[in-house]
Amino acid sequence: MDQNEDLKLLYTDTQHFNDVLISSFLFKKSSSSAATNKLASDHKQSAPGTSSPDIGGSHHWFMRGGFHKYWCVLRRGQFSYYKDKNERKPVDVIPADQVLDFRVRMDEYRLDFYTKQKTISFGSESQEVLRGWDAALQEFVSDRRRSSLPMRIYDSGNDENDNECICEDDDDDFEILSEAQPQDPEKERDRNVWSSFKVPDEDREFYAIYNPEQPKRVIQTGTLLCRVKKRLGRKTWKRVNAVLENTSLLIESVSSGRLYKKIDLNGVVDCVEDEKSRYDTGFAVITYDERTKFRAPSEQDTIEWIMNLKSCVLVRKKLEELKSLCEA
């Protein structure tokens, strides 16, 4: 009897895992570099106020060449897409625990998936279809967060982690390596305007530390190695000072304090462990536009950086939820 109950529960869980939240045809850009460059070029050349074409028009950004039409299916346990509606073998399958976040851009008829490996973009001919995907993905992401697993980032490239690849501080030779995403005028969600909310007593300390509404405060500082762009005669990693505030992550020169890069935390999707680091101290900060890799001096430092950065992301999500409740 117990065995039958176990089998019944397993069958129920499998059914739940395969529940279809939404399915439709979407357009995906070609993996060729030519199509990628064309998309970036199209975005740069688009004039403000002209990014909302009529439904079904031939002037959608994904109709300009280098894009393919796929049958896309979102289940509770995964996202997959197929060459056509009747195809049984998927082109690609992304498990739920690999999806970090998503963004729907109604004005561009665009849907972006942020996964641990990469960012995948799809286009739709209809805003109504996109609204359906937006609602389904909200449920999908909520399910994933309730059963979240430890996150790791995977990189198909070879990571050079040897100490001889470390460059000491040099203000004149610094160019951060980031896996950039296509640029657009609105780089992050509308998270810049906050209201004052009454928070639960048990969360007061958490909000006091990470809340972006509070006066600027330093959460964590330390020396990190930052992955820089390859160039003849340049080392792969560079030693930098990192300062995590409740509003941004600052990357500075070790010797002069010169600001190399400022990452607005409103645009951070997640911070995950970098599995490719042979020293187990690597992590990546993933924003809506790029991925930047770091290495900490120790595993404990890595854990603290990841936890603090994740908390900065979480507090913004909680504030969004509180804002929605107040407006309801």
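When you check ASP289 against the structure, is it crowded, with 20+ Cβ neighbours inside 10 Å, farther than 25 Å from PHE206 by Cβ and in contact with a Gly (Cβ under 9 Å, 6 or more places away or on another chain), yes or no? Against the criterion (crowded, with 20+ Cβ neighbours inside 10 Å, farther than 25 Å from PHE206 by Cβ and in contact with a Gly (Cβ under 9 Å, 6 or more places away or on another chain)), ASP289 does not qualify. Looking across VAL199, VAL193, one residue alone is in a loop (DSSP other than H, G, I, E, B) and modelled with pLDDT of 55 or more. It is VAL199.
Residues of the range 225-241 that are of a type in the set (A, V, I, L, M, F, W, C) and either under 16 Å from ARG291 (Cβ atoms) or at pLDDT below 90 (or both): LEU225, CYS226, VAL228, LEU232, TRP237.
Scanning the range 259-302 for residues that are among the polar types (S, T, N, Q), part of a strand (DSSP E or B) and within 13 Å of LEU225 (Cα to Cα) gives a single hit, THR292.
The values are calculated or read from the model by the stated rules, or taken from the named source; none is laboratory data. Because the structure is predicted, anything quoted here is derived from the model rather than measured. Reconstructed Cβ throughout: ideal geometry from the backbone, glycine too, with neighbour counts over all protein chains shown.
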